[in-house]
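The structure under discussion appears below in the form of structure tokens.
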Amino acid sequence: MSALLMDEIRAFQVPAGKVALWWLGQMGFIFKSPAGTTLGVDLYLTDTPSSSQRPLDLNRCFPSPIEPEDLDVDVFACTHNHRDHTDPGTIARLSRKDSMLFAGPAPSCETFRRLGVPSDRIRMLWAGAELEHADLRLRATFALPTDPGDLNHLGYAIRFADGPLIYLTGDTAWHELVAEAAPQQPDVLITCINGGFANLCHWEAAGLAARIRPKVAIPCHYDMFPDNAADPRQFRAALVIRAPGVRYQQLERGRVWVYPDE
Ligand SMILES: [Fe+2]
């Protein structure tokens, strides 16, 4: 499936004014514009063992839809330096380190550097900072860290040319400031819902949707590890209760979704 899916993404023609996205599990997405620009966010494409000695099952639940060697995106962005978002195993095996741009907070940039990404391919981001590449504008947004081991979390506001605005939360705990500082009325909200490890739970994620009023809300970060899983139907139900009018959209892994989809 690996090379096949990457070939499919490369060949896919995105209609004008729209954006195409592929979910690869957890918070991993590939976005593509009508001009052909591709952005990968938080691509966890291996089964990198956790350094933690805690008795938790954090082995991946399904094979990676793309092998790192096959990955071909213009921009490889990470929201923070946890291995399910900035995966050393994935980055070490990338075969296009010299042609992709790498973006993320400082600790992720350190990981890029350590694993052989040339310094001139790395762009450090912080909340409010923006990266422009071809028709892509990638703005880092505020996220509240979930543990003292990594205090540099980001989310991303993603827009290609005049296409839809997508807000991806990154891993974040709940705080008023997260909702206040988030892009307001984005077209699409992509949010963690797992609740575990201090992330937004389904109820808090629906509360965020109620505050920022996206047109569509997509759950993620609930499917990769047995001991960090959640049922996305709880998020769908919480949206009905807390954010009526916000459309729930569950993505199928590895299957293209184009927005707007009417
Ligand atoms: Fe995570």
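Annotations
- For the range 192-204, filtering for residues that are within 14 Å of the ligand (Cβ to nearest atom) and either assigned to a loop (DSSP other than H, G, I, E, B) or without any contact (Cβ under 8 Å) to a residue 60 or more places away in the chain (or both) leaves 9.
- The residue that is surrounded by the fewest Cβ atoms within 10 Å (Cβ to Cβ), among those in the range 20-38 that are among the aliphatic types (A, V, I, L, M) and touching an Asp or Glu at 6+ places or on another chain (Cβ under 7 Å), is A35.
- So R242, is it away from the ligand (no atom under 16 Å from the Cβ), more than 21 Å from V19 (Cα to Cα) and not hydroxyl-bearing (S, T, Y): yes
- Residue in the range 81-94 that is more than 16 Å from the ligand (Cβ to nearest atom) and either assigned to a loop (DSSP other than H, G, I, E, B) or modelled with pLDDT under 95 (or both) present: yes
- Residue that is nearest to the ligand (Cβ to nearest atom), among those in the range 205-224 that are in contact with a Phe, Trp or Tyr (Cβ under 8 Å, 6 or more places away or on another chain) and over 17 Å from R253 (Cβ atoms): A205
Results for (1) closer than 23 Å to A35 by Cβ; (2) surrounded by fewer than 17 Cβ atoms within 10 Å (Cβ to Cβ), shown as yes or no for each residue.
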{"position": "L58", "(1), (2)": "no, no"}
{"position": "D70", "(1), (2)": "yes, no"}
{"position": "A77", "(1), (2)": "yes, no"}
{"position": "T90", "(1), (2)": "no, no"}
{"position": "R113", "(1), (2)": "no, yes"}
{"position": "D120", "(1), (2)": "no, yes"}
{"position": "W126", "(1), (2)": "no, yes"}
{"position": "E132", "(1), (2)": "yes, yes"}
{"position": "T141", "(1), (2)": "no, no"}
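- Residue in the range 96-119 that is part of a loop (DSSP other than H, G, I, E, B) and within 16 Å of the ligand (Cβ to nearest atom) present: yes
- If only residues of the range 127-173 that are over 17 Å from Q185 (Cα atoms), in contact with a helix residue (DSSP H, G or I) (Cβ under 8 Å, 6 or more places away or on another chain) and free of Cβ contacts under 8 Å to residues at least 60 places away in the same chain are counted, the one that is nearest to the ligand (Cβ to nearest atom) is T146.
- Those residues of the range 1-59 which are part of a strand (DSSP E or B), more than 16 Å from the ligand (Cβ to nearest atom) and either at pLDDT below 95 or in contact with a Lys or Arg (Cβ under 6 Å, 6 or more places away or on another chain) (or both), in sequence order: A20, T38
- Taken as a whole, the structure leaves T90 outside the set of residues that are farther than 21 Å from E110 by Cα, of a type in the set (V, I, T) and in contact (Cβ under 8 Å) with a residue 24 or more places away in the chain.
The values are calculated or read from the model by the stated rules, or taken from the named source; none is laboratory data. No experiment lies behind these values; they were computed from the predicted model shown. For neighbour counting, all protein chains shown are included, and Cβ atoms are generated from backbone atoms with ideal geometry for every residue, glycine included.
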